[in-house]
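Encoded as structure tokens, the structure appears first; notes follow it.
Every read-out reported here was derived from the displayed coordinates using simple, explicitly stated rules and does not represent laboratory data. All values reported here derive from a predicted model rather than from experimental measurement. For neighbour counting, all protein chains shown are included, and Cβ atoms are generated from backbone atoms with ideal geometry for every residue, glycine included.
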Amino acid sequence: MLTDHQRHLAARRLRDAERAGRPVDPLTETFGGMDAEDAYEIQLINIRERQRAGATVTGHKVGLSSPVMQRMMGVDEPDYGHLLDDMELHSGTAVSLARYCAPRIEVEVGFVLGDDLPGEGCAVADVLAATERVVPALELIDSRISDWRITLPDTVADNASSAGYVIGEGRDPGELDLKAIDAVLRCGDELIAEGRSDAVLGDPAVAVAWLARTVARFGVPLKKGHLVLPGSCTRAVDVAPGATFTADFSGLGPVSLSFI
């Protein structure tokens, strides 16, 4: 367990790394004894700092929720973080990679909430009842930790490696089998990755319910209007200038993002 002073020092390290585009050594190596509770408190320090600077929370995310992503990152449980309005990206506007450290893209089935979710005790039925629509999504992730050398506390402190997101129109969840949405990711015409929505804890709605329960103990609610990204159904893919990625989801359609 860290002291409050250490938590603030760790939060500043991450802020400085993000602003400068220069990653830092893993916080768990710099601050001995750092645990998951410390990590989320560090995350919250930086979220509050961004809110004071004018940013608005637009949602939340679960990361590392599929076996393929956990193996890729060397962890054994999901992480979780905030989405902010200054992370929102748009299909028609190319994203400059100059502002990021080591960006990657993920393919996700997003949930747009039409009602608040309960916290403690939140179940899949609550998620389905509260979801206004599910949407095709691409998430841009980026680690402010050098070479993606992350443990779970490192990535939670780093806001679950959040960097950006883009979503499409979507559909009512009652019109779809949320466990059987196929997704393919292409870069230009090249097939890069493919997967299915049940790669995310067997059902992406399970990940949303897990998130609601997990963050409730920190006093963080999942609210009406929020976007929740439950985790990637494919492996994460490195991005480079000049690339255009398109993810196509059965029953949901495509969403794209270009980089310069």
Notebook entry, point to check: Net charge near Gly231, counting Lys/Arg +1 and Asp/Glu -1 over other residues with Cβ under 15 Å of its Cβ?
Noted result: -2
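Using unit Cβ charges (K, R positive; D, E negative) and no other charged atoms, how large, in debye to the nearest 20, is the dipole of the chain about its Cα centre?
Values: 25 positive and 40 negative charges, 131 e Å.
Here the chain has a charge dipole of around 640 debye.
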Note to self: Could you tell me the extents of segment 131-235's C-alpha atoms along the three principal axes, largest first, rounded to whole Å?
What the structure shows: 35, 35, 23
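With only Lys, Arg, Asp and Glu charged, each at its Cβ (+1 for the first two, -1 for the last two), find how big the charge dipole of segment 52-145 is about the Cα centre; round to the nearest 20 debye.
It works out to roughly 440 debye.
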Next item on the list: Ratio to report: Rg/Rh of the chain, with Cα atoms as the point set and Rh obtained by the Kirkwood method; give two decimals.
Entry: 0.94
Margin query: If you average the alpha carbon positions of segment 193-260 and of segment 10-71, how far apart do those two centres end up, in angstrom?
Written below: 18
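Can you give the calculated 222 nm mean residue ellipticity of the chain, where each DSSP H run of n ≥ 4 adds -39,500 (n - 2.57) and the sum is split over every residue, rounded to the nearest 500 deg cm²/dmol? Write down the numbers at each step before the final one.
On the way: 7 runs with 71 residues, N = 260.
After summing the helix terms and dividing by residue count, I get -8000 deg cm²/dmol.
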Check: For Ala123 and Asp189, what does the FRET efficiency come to when R0 = 51 Å and r is the distance between their Cβ atoms, rounded to the nearest 0.05?
Finding: 0.75
Item checked: segment 103-173 - charge dipole about Cα centre, Lys and Arg +1 at Cβ, Asp and Glu -1, debye rounded to 20 -> 240
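How do 7-15, 29-37 rank on mean C-beta neighbours within 10 Å, highest first?
7-15, 29-37
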Note to self: Out of all DSSP beta bridges in the chain, what portion is antiparallel? Express it as a percent rounded to 5.
What the structure shows: 90
Check: Helix hunt in the chain: which complete DSSP H runs extend at least 15 Å axially by C-alpha with mean Kyte-Doolittle at least 0.5?
Finding: 204-216
Checklist line | Computed log₁₀ I(q)/I(0) - Debye formula, equal Cα scatterers, no solvent, segment 190-255, q 0.27, 0.29 Å⁻¹ | finding: -1.23, -1.31
Next item on the list: Using only Cα atoms, figure out Rg for segment 1-45 and give it as a multiple of 2.2 N^0.38 Å.
Entry: 1.06
Check: Of Leu97, Ala130, Leu44, which is farthest on the positive side of the dipole of segment 2-130, counting Cα position, with +1 on Lys and Arg Cβ, -1 on Asp and Glu Cβ, and the Cα centre as origin?
Finding: Leu97
Next item on the list: Please state, rounded to one decimal and in Å, the Kirkwood hydrodynamic radius that segment 40-195 gives when every pair of distinct Cα atoms enters the mean of 1/r.
Entry: 16.9
